[in-house]
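Visitor: Structure provided below as structure tokens; questions to follow.
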């Protein structure tokens, strides 16, 4: 929501739903009693306060979406035999599946988690990108070694 007040004391309010993209505008005029400087100052302060609140909510939603997207993306990769799922042994696959399932359960149980809690949860409950990179390198190296063994025989 944005508020704009022009020099004539006319208030322009715009509201946009970021999820759907719907946008509405309204103009409010006060022909008889113009807004006082105190009213304008109060409205500006309120708008700044709400902007900060909106920023915090946006950060929280982004942190939740990031953790949730990461968990489901990893879950899909583990289940896809053409991707990560086909390259992992059963033990590694099970470890990853358990970590992902724990993360999804945590997200469902902690719908009101703060941004910091969500970021911390990503650190402790999900396998990190470095872990995945090392697993992938290990799998690739193992495949190369196996191919070289077959060529020698």
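Visitor: What distance in nm separates the two pseudo spin-label positions at residue 41 and residue 57, each 7 Å out from Cα along the beta-carbon direction?
Guide: Going from the residue 41 label point to the residue 57 one covers 2.8 nm.
Visitor: Could I ask something else about it? Relative to the compact globular guide of 2.2 N^0.38 Å, what is the alpha carbon radius of gyration of region 2-56, as a ratio?
Guide: Compactness ratio reported: 1.27.
Visitor: Taking neighbour Cβ counts within 10 Å as the exposure measure, how do 61, 7 sort from fewest upward?
Guide: Placing the least packed residue first, the sequence is 7, 61.
Visitor: Still on this model: How would you rank 26, 104, 44, going from fewest to most other Cβ atoms within 10 Å of each one's own Cβ?
Guide: 26, 44, 104
Visitor: Then there is this: Taking the beta-carbon count within 10 Å as an exposure proxy, list 111, 42, 64 from fewest neighbours to most.
Guide: Ranked by crowding around the Cβ, least crowded first: 111, 42, 64.
Visitor: Same structure again: Express in nm, to one decimal, how much length is gained between residue 110 and residue 28 on full extension, taking 0.36 nm for each residue of separation and deducting their alpha carbon distance.
Guide: Result: 25.4 nm gained on full extension.
Visitor: Additional query: Restricting to Cα pairs below 8 Å that are 6+ residues apart, what does the relative contact order work out to for region 2-56? Please round to a whole percent.
Guide: Relative contact order of region 2-56: 27 percent.
Only the coordinates and a few stated rules stand behind these numbers; no lab work does. In this text the structure is predicted, and so the values were computed from the model without any measurement. Glycine also receives a Cβ, built like all others from the backbone with ideal geometry; neighbour counts cover every protein chain displayed.
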